1. In sequence order, what are the phi-derived ³J(HN,Hα) couplings for region 205-214 according to the Karplus relation 6.51 cos²θ - 1.76 cosθ + 1.60 with θ = phi - 60°, rounded to whole Hz, with x for glycine and proline?
2. Taking H as built 1.01 Å from N, whose amide H comes closer than 5 Å to the amide H of A174, not counting residues under 5 places away?
3. Evaluate the distance, in nm, between pseudo-label points positioned 7 Å from the Cα of R163 and of N91 along their respective Cα→Cβ axes.
4. Which net charge results for the neighbourhood of Y172, defined as the other residues with beta-carbon distances under 12 angstrom from its beta-carbon, given Lys and Arg at +1 and Asp and Glu at -1?
5. Taking amide H positions as placed in the peptide plane 1.01 Å from N, state which residues far from F105 in sequence (5 or more) or on other chains have amide H under 5 Å from it.
6. Put a dot 7 Å past each Cα toward the Cβ at Q37 and E179; how far apart are the dots in nm?
7. So if R0 is 45 Å, what FRET efficiency would V136 and K211 give, r being the distance between their Cβ atoms, rounded to the nearest 0.05?
8. Quick one: work out the % antiparallel among DSSP beta bridges in region 43-137, nearest 5.
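The numbers here are math on the coordinates, done by the rules we state, and not lab data. Keep in mind the model is a prediction, meaning the values are calculated, not measured. With ideal geometry, Cβ positions are generated from the backbone for all residues, glycine too; neighbour counts draw on all protein chains shown.
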Amino acid sequence: MWNSLTVAARWLLVGAVVMTGCGGKKRATPAVAPAPQAVLGATEDGMASWYGNPYHGRRTSNKETYDMEKMTAAHRTLPFGTRVEVQNLDNGREAEVRINDRGPFAEGRIIDLSRAAARKIQMLGPGTARVRVKVVGLPRQEPPGGFYTVQVGAFRDQANAERLRETMAREYGAAELQEYDSPQGMFHRVMVGKQEDLAGAEELRKKLRGKGYAGFVVRVDPAL
């Protein structure tokens with residue numbers, strides 16, 4: 001099985017498609033913007049959220065200790081060490097953060113900010129904000145061995161998750177389960193495909209969408 005991602009389960013974190021019953025029926029597939037390329041000046045618009053306790057002091061996906069008072073953030077695909085400028089589109093306030101975690105794994109969210117960053121752009125109270133994320137700095141080198149996959153569902157019931165995983169594996173050749181423990185309990189995420197580049201993962205996401213499966217691309221990083 002792939003290396004497990006260390007994820008901070010923010011808010012509900014129920015993934016692209018949440019199926020908790022026995023039926024596992026597909027839901028409508030809302031539009032999902034393509035994941036941004038890791039190039040200077042690339043931008044992405046969407047909703048930001050933030051996370052603090054109980055994740056303060058836990059390990060992030062890049063094996064750092066999460067400090068909610070530092071200017072960091074979680075993103076699904078940008079390489080660790082990427083620096084992005086996050087602008088609150090409702091008030092114009094900006095914050096520069098470094099990507100050191102994976103997430104958010106909820107439909108409609110594009111970045112999960114530390115509490116310090118959320119405070120700087122004045123979104124602590126609302127909890128979410130419309131933002132523009134702009135890449136302003138890149139890491140010197142990405143560690144080899146990472147790949148991209150598409151999350152197509154998250155289940156409380158492991159048996160339901162396994163049924164979807166088996167279907168995806170038959171149709172697309174590679175599918176795995178990843179677990180995360182959230183305040184709402186344990187969820188089992190169904191991850192499809194193992195693409196070397198972001199473009200390949202986006203093509204797979206589009207194919208899955210055409211079959212009725214909403215999903216978003218996630219980078220799986222090598223063990224650090």
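1. Here the 3J(HN,Hα) series is 4, 5, 4, 5, 4, x, 8, x, 9, 5 Hz.
2. G193
3. 4.6 nm
4. On the way: positive: R165, R170, K194, R205, K207, K211; negative: E166, E171, E176, E203.
Residues close to Y172 contribute a combined charge of +2.
5. Amide H to amide H, under 5 Å and 5 or more residues apart or across chains, F105 pairs with R10.
6. 3.9 nm
7. Details: r = 37 Å, r/R0 = 0.82.
Once rounded, the FRET efficiency stands at 0.75.
8. Working: 21 of 29 bridges.
Antiparallel bridges: around 70 percent, rounded to the nearest 5.
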